[in-house]
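Here is the structure we will look at.
The values are calculated or read from the model by the stated rules, or taken from the named source; none is laboratory data. Just so it is clear, the structure is predicted and the values come from calculations on it, not from any experiment. Note that we place each Cβ from the backbone using ideal geometry, even for glycine, and neighbour counts take in every protein chain shown. Accessible surface is based on the protein model in full, side chains and every heavy atom, while ligands, DNA and RNA are left aside. Shrake-Rupley method; radii C 1.70, N 1.55, O 1.52, S 1.80 Å.
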Amino acid sequence: MEPRSMMRPIWLHVFALCALMAPAVAAAGPEAHTTEGKGKEMKAIQAGSLRITLDRDARITGLFDAERKRECLPSGQAAPLLTVVAGGEILTPASATCNEEAGRIKIVYGERRVVVGVRMTVKPTHATFEVASITGKDRVDSVVWGPYPTTIGETIGEIVGVVRTGEFAIGIQALSRHTLAGYPGQPEGLGVGGRDHAATAAEWGSALQAHSVDRTVERRRPGWNATDSIAPAYGGDGATVVGSKIALFGCAAEKALATIGEIELAEALPHPMLDGQWGKVSETARVSYLIAPFGETNLDALLDYTRKAGFKYLYHPDPFETWGRFKLRSSDFPDGDESLKRCSERAAKVGVRLGLHTLTNFITPNDPYVSPTPDARLMRVGSSRLKADVDAEATEIEVEEIWPFRERQTLSTAAIGQELVQYGSLSEKEPWRLLDCKRGAFGTQAAPHAAGEAVGKLWDHPYKVFFPNLEMQNELVDRLLEIYNKANIRQISFDGLEGCKATGQGVFAETLFVGRSYDGWKPEVVNDASRLSHYLWHVHTRMNWGEPWGKAMREGMTDYRFRNQASFDRNLFPRMLGWFQLRLASSKIEATHLMDIEWMLSKAAGYDSGFAISTDLESLQGDGQTDACLAAVREWEKARLARAFSEDQVRRLKEPAGEFHLEPEEGGWRLWPVSRTKVFTHHAEERQPGEPTATTMEVENPFAAQPLRFVLRVGSGGGPEGVRNPSFEVGIHTATFPVALEPRQYLLCDGETEAKVYDADWNLAQTVKADSAIPSLAKGKQTVLFDCEAAGGLAPAVEVWFKAVGEGEPVRSGN
């Protein structure tokens, strides 16, 4: 899914926080932001090209671009280096002292209610700040780095945490996995809208922020996919706010990405390499891939198609019979992991790498974690206790508290001991009861239970799955690592990554899942996910958002795909266009055609975005256009990856309605612009004697005069006989094709007297010659009259669209 767009109303919450800060310090120019003089300045910190000035209250009073001599802190504003939330209150610094030799800042909050020791380090590209210690009488619920206001508002990388003008960039980077972007959810004064963003827009420009939360106590709160839930206490790494750490930096705008790479290396952040290059600039990150269900029996055929397209990655969209223990499909991998390993070895011999798709921490009811004995670590929304004994046949179960069960979700499942029980409804008043119960659900064993026994509501989802707690989630990761490392699998998508939030630990749980995976991979793994967060920006190779299901290629989430490219650009992230289908015809959608593929390829080339083609062996073998489509993919991708298109060509390729055709030639390629009309519909109806039966079609040719080119499709409605003798009249010239066309057949004419008849899946059925020369389309607007005869009593509708081709132009590497 796409990151949420930045909306100004969230700044009502930022204003609320800023109002709680100490009085602002006026920005009177560079002199007011140095350590010189006897004012309240405590220290000037060099963070790359950014000079950060702190006053004696640990407030940032200057963000100075040292190279361009410009102040980037809004006039009249100051920001606390660190804000503390304790006892439900927002505490800003009351005083601070700095020990420069030790690199420590001691910050006092609320008359010594909280004292925080901050460790500070200055490095060539950035400065780091870390919560090293916390003392005082109040327990700290969370800490917030910032928000740090800046005057920069031109380009806001909300996820990566970098804001840029055309010349200068300022950024924040979380340096520990429990340091998250944005604000904590509570208290509300810290902001609720857009709180997952490391950078946000403001009326003065932008702000940067990050936070950490204490997770050592159980909390009841709204959760992902549940409006009321228990977030259990957590005691692992990152459980408290100690160790929360950030980097701040400033640099020339064009060096922002490279600077982040240097910070990754300096601070031991994830810095994935792909074929010898850093993942964010690797050529491997730019490549497209084929998605198709593969296995031991069909692998060789699919590898041939993968190579025809010029791809190096073949990706299985649904390889598991169960999610949780991740049992591989026996139909594809009869020997389980060993079969997959053999497939990977065979693919490697021809230069292809394999990938597997998964729904991250989703657990299917047929998985051993659920059936026949449910694991006690399946995540609960909340728990109660039985108020009365229950026998093995009872269909009503009385409980002490009803709140965990009120939100029934999809599977509506309660866990009592080793039995799962689905319930159909709830009593409306006390005594609280689960009603219409299905005992022994999902293959578990119905059994009697005693009053006082715990009964929990399992967390589920419309995909009809359950979820693990954090301990079990680690086991899921380890099982995936076992598969990937044993079989040398090279690609994954953490689809459904947001399901990690069902653990009660929000984005932190997502970071733990992906981080543990990254730490454990032996091969280099190209990876993406359903969502992108600030810390995981470092791990993920790219995001391939955009799904093709149930829509024609030009209609499947098109605007969404194009909007994502702007998001990737402002977040310094490799671009991808999403999944596209190569499919056979269905009752509602036509089979994939070369012009559809070339439309997609032209957009990918314009945005320099990779993509995935989702298909299966049946479609590849059954679509008569497969070879032409894959040949086009190969050539377009060669040109894109070589950055062969000129700036003007790139601009035109991006146009949503633009159509182009590309062919290789000596020294490069030739690109032809193509004009495609809307689809016209003709109904062969019986009319009164003498009344014209032709349909008038207004066509515009933006190019030089050329023979008529068209695609005709006979609809599937009406009678079974179809139509015959289609004719096209332009001015005084008419051409008729003496042929009978059945429903769902095509007639394609590319300006020649010989046209081709195809079936619904673009397999050639026959060729037919027109009875005269093909009429010519002059440049500009003109009228085409189309007519045909009904082959039976009830003729189907006929759809026609026209195309015109402009003058070819060269495409050369090095443009």
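Observations on the model:
- Candidate lysines - alpha carbon under 25 Å from Lys803, same-chain residues fewer than 8 apart omitted: Lys551, Lys588, Lys603, Lys654, Lys678, Lys756, Lys769, Lys779, Lys781
- For the range 672-784, the solvent-accessible area of protein heavy atoms averages 51 Å² per residue (probe radius 1.4 Å; ligands and nucleic acids excluded).
- Near-label residues of the range 344-383 by backbone N, under 18 Å of a point 7 Å along Cα→Cβ of Asp627: none
- R0 of 35 Å, Cβ-Cβ distance Lys464-Lys486: FRET efficiency to nearest 0.05: 0.75
- Here each label is just a point 7 Å from Cα along the line to Cβ, and for Gln782 and Leu594 those points are 2.4 nm apart.
- Residues of the range 493-509 with amide N under 18 Å of a point placed 7 Å along Cα→Cβ from Val217: 505
- Heavy-atom accessible area per residue - the range 275-397, 1.4 Å, Å²: 38
- Cα-based helix-to-principal-axis angle, 594-607 vs the chain, degrees rounded to 10: 40
- Simple point charges give the picture: +1 on the Cβ of Lys and Arg, -1 on the Cβ of Asp and Glu, and for the range 251-316 a dipole about the Cα centre of about 240 debye.
- Inter-label distance for Ala451 and Thr227, nm, one decimal - labels placed 7 Å from Cα along Cα-to-Cβ: 3.3
- FRET efficiency, 1/(1 + (r/R0)^6) with R0 22 Å, evaluated for Asp337 and Glu283 via beta carbons: 0.10
- Number of Lys pairs (Cα under 15 Å; 8 or more positions apart or on different chains) in the range 234-379: 4
- P(r) weight above 16 Å for the range 89-180, C-alpha pairs, percent: 63
- Global geometry of the range 193-346, whether rounded, prolate or oblate, following the gyration tensor of its Cα atoms and the 1.5 cut on a/c: oblate
- The range 409-548: Cα Rg divided by the 2.2 N^0.38 Å rule of thumb: 1.32
- Solvent-accessible area of Arg433 with every protein chain in place, 1.4 Å probe, in Å² to the nearest 10: 80
- For the chain, carbon and sulfur atoms together expose 49% of the accessible surface, with a 1.4 angstrom probe and every protein chain in place.
- Cα-Cα pairs of the range 296-434 separated by more than 19 Å (percent): 63
- When its C-alpha radius of gyration is set against 2.2 N^0.38 Å (N residues), the range 474-513 gives a value of 1.27.
- Using a Förster distance of 41 Å, the FRET efficiency for Lys769-Ser646 (Cβ separation, nearest 0.05): 0.50
- Shape category assigned to the range 381-429 from the gyration tensor of Cα positions, a/c cut at 1.5: rounded
- Mean ellipticity per residue at 222 nm, deg cm²/dmol - from DSSP H runs of n ≥ 4 across the chain, formula -39500 (n - 2.57): -5000 deg cm²/dmol
- Total formal charge among the other residues, if their Cβ is under 12 angstrom from that of Ala552, Lys/Arg +1 and Asp/Glu -1: +1
- Taking the Kirkwood radius as Rh and the Cα radius of gyration as Rg, the range 702-815 has a ratio of Rg/Rh equal to 1.05.
- Figure legend: label point modelled 7 angstrom from the Cα of Phe703 along Cα→Cβ; residues of the range 731-769 with amide N under 14 Å from it are 750-752.
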